[in-house]
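Some notes on the structure that comes next.
The values are calculated or read from the model by the stated rules, or taken from the named source; none is laboratory data. Bear in mind that the values here come from a model prediction, so they are computed numbers and not experimental data. Methodologically, a virtual Cβ is constructed for each residue, glycine included, from the backbone with ideal geometry; neighbour enumeration extends over all protein chains shown. Surface areas here come from the heavy atoms of the whole protein model, side chains and all, with no ligands, DNA or RNA. Shrake-Rupley method; radii C 1.70, N 1.55, O 1.52, S 1.80 Å.
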Amino acid sequence: GKQWFSTQVLTLRGLERVLRQFFSALLSTTVLDSRHSSSDESHWFESAWARILDIAFQCATQAGGREVLELRLAGVDLVVLCALLSCRAGIVAATTPARVGTNMEVVNGALRSIQNESKTNQSRSDGIEDGTSDGSAANSPEMEACRQELFLDAFDVLERFRSHLEDDKAQAKDEYSQSLCIESVSLQVVTKLSQGLVKLYECCKNDEMAPRTHELLYSSDDEDDTEARFVAIVSTVIRKAVGDSGPRYLSQAQRVGIDLLHDMAFGSSSRAFETLADIGGESFFWQQSSSQADDTNHEGSAEYEGSDFLGYEVAKVVADAIVSDGVPTGSKAEVLCTILSVFCSKQLSSSAQLDSSQHSVEHQHDPEDSSESNSTEKIIGKICFDLFVPVVKGGLCAAHLLEKKHHDSVLAAKKSHFDDDRMKTEWMNLLLDDIWKRMIQFLSYLMTPLKSPAKERYATDTRTILQIVSCCVSRIPSRKRPYLGSILSQGARQALVVSKVQTVCSSDDSPSSREVLLQWSNSFREDVEDGLRIFNACFISLCKVQPESSMLLSIAKSVLKESIDFSEEKLRRLSSGDTDAFDLSDYDFNLDGSKESEESEENYTTSISVAVESALIVCDALHSFPNMIDQVIEIFPLLCQLTNTNNDRLRRKAGALLGNVDLAANIGMANRRAEAFEQRALKAEKINADLMEQNAVLKYENEELHQKLAIYSESSVIT
């Protein structure tokens, strides 16, 4: 039992010392054997290498409890050491013996000086590297091919360990394993593996695991892509290394793995960054909470009670990295596209039903899923875009940079005869189209209010919507502006609907219902103001994206006409002696949520006129863009009517907008253009008359030719 395990540990540690000190010499003997033996003979070191890796893997996956911990750790150390020694950078760098102190090492449980022997080993290593002594074949193609084969063998064992972690049946054989998390012994083994993977990446990051260009990632075979296989191993370690405390805390192995992928991403590894985004999953936009959890937050607990804490922590890492330098531009854009795809598929999924009253989704645990609890506890999630906004900003910035390169790439691909250039252009085109397709679909969701029995509200806070709209408007390419303009037009109209729904009182004309209209709760007032802010953002963005669109003019005319009707109705009620026709001129709505008029807490319930505020927004927006003269002239009659209303603010805004237009100059310009068009029309008519005259002459000549041809045909028949 325990004595046998200790013996195995000593054996593995001894193999480590032998390989550390003599790996280069052993590798050189393999090359020498190949020169003095037939090609069909199996080299003894290659067979021993395979046997060592197999024994190390068996020890690392040995089932048991605390008594096998040292054995399993030794097995992991040996597998990682074999990979380190056989990698390109580790042939010499990893041959230094493991030292306990200065010029000391452990041999058979005792410390001895290695100063002289260290010099001997160094000279041996130098000799191999310089091509002298018995290691003259160190730089030969045969030795390089042999080293590469040994490295791939060691790497295959690491992948076998990954398959072992993913095999639930293999994990179930361990009597100490638990249903929700790896037991403490296995967790220590996985932690040791994650630390070894960090060392392996440091040795291989410039050679075997050098990152590939993003556009060639998916054109390569994953079996030949060591970086992709390595990232898959790290991903499995992160997902499976759940601590004893359950999913509310990250284990040491998970933190090491996340840091490793983070470092790889900043080392230009697109695979690593996209894997982090995949682990983050729904946590970028979905905040989960347990319906049975206590409402009070305990110190040290997860920020989101009962949530996927691993996904949340990884999502924070991605959100911080995507807005910083170091991560490849193409990878940022790809991550944004992936997260948008996850969001769109979740919203369209039949299994995710949005609760109309709480704006949440209830999920039942799958009873067949062995990784989840057998409990029937419901998990309620709420939409939260705090981590998604940085992803949108960083991803769209990267897409904007790619868009600038896209035109040059298209021109270069047309002139180039290389498939790589065409593949790069095709990848970039597909990626950019997919990003904006999903981004516009996402904006459509944000602009669509969620209906409930009481009122209509947006799925998230107004600040988030405004940030995302602003980022999209500043980054969208010209070829996608018509699609964005359609969404902005729809969003502006729906924002007005949301604001108006909050201000509609009961059809009953009793005083009580009118009193309700005058005395708003703060929550309803905030909903009205949120709708107006979104309308302001959509209308201004529409002026930037499509200033000459018919949608913009349609919205402006509709809003101004409604404000005129509202003012006329209020004036009619005032003239009839209606005391409930209150004056709104003293209330000044600001887009930042403040109020210019100083009112007490009791008077803060003054009602907001959506018709007046929306008209003011339209006037301010058109006034802020000097290139909107034609649109202002289109609504000139409505602006003149606004200057005659009894609302001082409307009169001032409409007058300022009209004063911004040099009507005489524009009329003169229009007259000159009309005269120019008339002259062009007269010239065209003259040209048309000349062409018709020439056409008549040609027809007459054509008839004469037909007659001559008929006469000639008859004479030829007679003769």
Practice prompt. Could you tell me whether the range 607-621 includes any residue that is crowded, with 16+ Cβ neighbours inside 10 Å, among the aliphatic types (A, V, I, L, M), assigned to a loop (DSSP other than H, G, I, E, B) and in contact (Cβ under 8 Å) with a residue 60 or more places away in the chain?
Written response: yes
Worksheet item: For the range 272-310, what are the residues that are open to solvent by less than 50 Å² (accessible area, probe 1.4 Å), of a type in the set (D, E, K, R) and modelled with pLDDT under 90?
Response: 305
Item to complete: Identify the single condition in (1) part of a helix (DSSP H, G or I); (2) within 30 Å of residue 560 (Cβ to Cβ); (3) open to solvent by 80 Å² or more (accessible area, probe 1.4 Å) that residue 670 does not satisfy, given that it satisfies every other one.
Response: (3)
Worksheet entry | Selected residue [at pLDDT 85 or above, open to solvent by 20 Å² or more (accessible area, probe 1.4 Å) and among the polar types (S, T, N, Q)] from 178, 195, 171 | 195
Item to complete: Look through the range 365-401, keep the residues that are of a type in the set (Val, Ile, Thr) and outside any loop (DSSP other than H, G, I, E, B), and return whichever of them is modelled with the lowest pLDDT.
Response: 379
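Here's the yes/no breakdown for (1) among the aliphatic types (A, V, I, L, M); (2) closer than 23 Å to residue 499 by Cβ; (3) at pLDDT 85 or above; (4) open to solvent by 90 Å² or more (accessible area, probe 1.4 Å):
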position	(1), (2), (3), (4)
641	no, yes, yes, no
650	yes, yes, yes, no
657	yes, yes, yes, no
707	no, no, yes, yes
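The rows are residues; the columns are (1) surrounded by fewer than 18 Cβ atoms within 10 Å (Cβ to Cβ); (2) within 22 Å of residue 611 (Cα to Cα); (3) at pLDDT 85 or above; (4) aliphatic (A, V, I, L, M).
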{"residue": "455", "(1), (2), (3), (4)": "yes, yes, no, no"}
{"residue": "459", "(1), (2), (3), (4)": "no, no, no, yes"}
{"residue": "465", "(1), (2), (3), (4)": "no, no, yes, yes"}
{"residue": "473", "(1), (2), (3), (4)": "no, no, yes, yes"}
{"residue": "477", "(1), (2), (3), (4)": "yes, no, yes, no"}
{"residue": "480", "(1), (2), (3), (4)": "no, no, yes, no"}
{"residue": "490", "(1), (2), (3), (4)": "yes, yes, yes, no"}
